[in-house]
Every structure is written in C-alpha cells, then in structure tokens.
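Values quoted throughout were computed directly from the atomic coordinates according to the rules given, and no laboratory measurement underlies them. Owing to the predicted nature of the structure, the values given are computational and were not obtained by experimental measurement. Note that each Cβ is placed from the backbone with ideal geometry, even for glycine, and that neighbours are counted across all protein chains shown.
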Amino acid sequence: MTILVKKNLNHQSSASPNPATFKLLIAHPAHFLSLGFGSGLAKKAPGTFGTLAGLPIFWLISSYALTTQLVIISGLFLIGIYACTKTGKALGVADHGAIVWDEIVAIMLVLAFTPSHWFWWLIAFALFRLFDIWKPFPIRQFDAKLKNGFGVMFDDLLASIYAIVALKSLLWIKVYA
C-alpha cells in the first residue's frame, strides 16, 4: 500500500483519480489510443490486456523490414507521449492504470526483436510483463522521477529493453548450449 501511495503522490495532479470510463474512451482520439482501444478499461490487469492488444498491432507491421518497424514504433512512442499526457490529465493521475498505450508500444518493440513463432512471442510477452511489473533498477527510479506522458512511456521502454536482452540471452543459450 505504501508503494502505491508513494507512486500516486509522484504522478498525481489531483487528490483522487477519476475513473476510466467508456465515455472517456470515446471522448477524444488521444484517450482512445492511450486507453488501448478499450483494453485499459479491463477491471483486472489492464496492463496485461494492453500488452495483449499490442500483439495483433505488431502483427500488422511484422512483414516490414526491422528499420521500418522501428520507425513506426518510434512514431507510436512519440504519439504516446501526447496521448498519455492528455489522458493522464483527464484522469487526474499521470500514470493511471487504465493508460496502456505504453504497454502496447513497448511489446511491439520487444516483438521486433523476437523470432516470428508463437512460442517466442509467448516468451517475449512473459518477459515484458515480468520487467514491466517488477521494475528493476533503474526502471523504478525513472518511474518515480519522470512525469506526464514521457514518464509513462519511458519506463515501459526500459522494461522492453530488459525483455529484449533477456530474450536474446535465451536465444543465444538455445543456439550455443
């Protein structure tokens, strides 16, 4: 409970957050994106549902060259800074649990470096969720210090880098062990 309260104090712009609702979801395109097309409205584990929403979105760009995928993902990251800032202000908390665009973009980055096979996508999904929830050093520190949409997006970018390193390590072990 202390950690949750501390996090809210670091990201809070009002005394109590507003609920994420379907009405908010459709009120502005930024909310529609940042709430993950509605996946962020899940009552339990909205981050997991947001991450799941990223899988078919990545699949749409998976046939492009890695460079093109990275350009698209970078653009989605930049759009996310704006969208998450706008939605965070509307919800009264910069990093509200219903904001899942950060998970969507981050899992897309992980998948860009993942073999195109369901087993490896499952491993990539699990690794990303592990690092996103666990927030090892320095992710937790950045999460506490960075504000608004950039902070929301950046900590998941770091979690995706951890997941990519772990995934590449597993792939290396598979090949060379």
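When Asp143, Asp132, Asp102 are sorted by how many other C-beta atoms sit within 10 angstrom of their C-beta, beginning with the fewest, the order is Asp143, Asp132, Asp102.
Peptides 169-177, 42-50 ranked from most to least packed, by the mean per-residue count of other Cβ atoms within 10 Å: 42-50, 169-177. Relative to the longest principal axis of the Cα atoms of the chain, helix 118-134 runs at roughly 40 degrees.
With respect to the chain, whose longest principal axis is taken over its alpha-carbon atoms, helix 101-112 is tilted by about 10°. For the pair Ser74 and Leu55 in one chain, pulling the backbone fully straight at 0.36 nm per residue adds 5.2 nm over the alpha carbon distance. Sort region 65-115 into rounded, prolate or oblate with this rule: let a ≥ b ≥ c be the square roots of the eigenvalues of the Cα gyration tensor; rounded if a/c is under 1.5, and if a/c is not under 1.5, prolate when a/b is larger than b/c, oblate otherwise. Here region 65-115 falls in the oblate category. Here the spin labels are modelled as points 7 Å beyond Cα on the Cα-Cβ line, and at Ala177 and Lys145 they lie 3.5 nm apart.
Rounding to the nearest 10 and keeping the result within 0 to 90°, find how far the Cα-based axis of helix 46-61 lies from the longest principal axis of the chain. Tilt relative to the chain: about 50 degrees.
The Kirkwood hydrodynamic radius of the chain, based on inverse pair distances between different Cα atoms, is 16.3 Å. Annotation for Ile161 and Phe119: the two label points, set 7 Å from Cα along the Cα-Cβ direction, are 3.0 nm apart.
State the number of lysine pairs found in the chain whose Cα atoms come within less than 20 Å, restricting to pairs 8 or more positions apart or on distinct chains. Close lysine pairs found across the chain: 23. Per-residue Cβ neighbour counts within 10 Å put Ser39, Ser34, Ser63, Ser74 in the sequence Ser63, Ser74, Ser39, Ser34, beginning with the fewest.
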